[in-house]
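Asks: Quick one: structure below, then a few questions.
The values are calculated or read from the model by the stated rules, or taken from the named source; none is laboratory data. In this text, all values refer to a predicted model and were calculated from it rather than measured experimentally. Glycine gets a Cβ as well: all are built from the backbone with ideal geometry, and neighbour counts include every protein chain shown.
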Amino acid sequence: MLTTRSNYETLDRYDMLSCKSPSRAHRKPLVRLACGVAIALVGSLCLASEASSGDVKQHKDVMQLADKQLTEKQEYCHDLITFKESSNRKDAINGSHYGYYQGRSVSLKGAPDDYQFYWYWSYVAHRYGITQYDEPNYCKALHHLRVKGWQ
């Protein structure tokens, strides 16, 4: 048994959404296309919610995050910063500076890798700008550290 929701969408006896075209629908190909896209979207959203239930791999450290999120040039500069600042240790402390990037924020003390990565992402983007690929300009940040004599 089909329950009609609109002229083009119907629910079958299992409450599954399907497209049933009335006789005039062949004149409206965009409506049929939109209905098909809507069903595909709903299906992909359902699958995405199942995948997020725990089988998605977590990134192990900021180096993996940088590898996934940055271009090679910016990743190289990012990696130099983290090595010089903390020897790639997430629990590094130097006075009131914490974490991979030695940021002056208590929230970085013992913070997970992804939190530290996106904290520094925001900091560098705000202070040194972004590249043409909408990523923070870590090379400008590295240049600034070298000019100041901090690296």
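Asks: Do the conditions hold for Ala141, that is, is it small (Gly, Ala, Ser), touching a strand residue (DSSP E or B) at 6+ places or on another chain (Cβ under 8 Å) and assigned by TED's automatic domain parsing to the domain that holds Ala66?
Replies: No.
Asks: Would you point out which residue out of Gln74, Gln132, Gln116, Gln64 is among the polar types (S, T, N, Q) and either part of a loop (DSSP other than H, G, I, E, B) or more than 21 Å from the chain's Cα centre (by Cα) (or both)?
Replies: Result of the check over Gln74, Gln132, Gln116, Gln64: Gln132.
Asks: Could you list, in sequence order, the residues of the range 98-109 that are out of contact with any strand residue (DSSP E or B) (no Cβ under 8 Å at 6 or more places or on another chain) and either assigned to a loop (DSSP other than H, G, I, E, B) or not assigned by TED's automatic domain parsing to the domain that holds Gln69 (or both)?
Replies: Selection gives Gly99, Tyr100, Tyr101.
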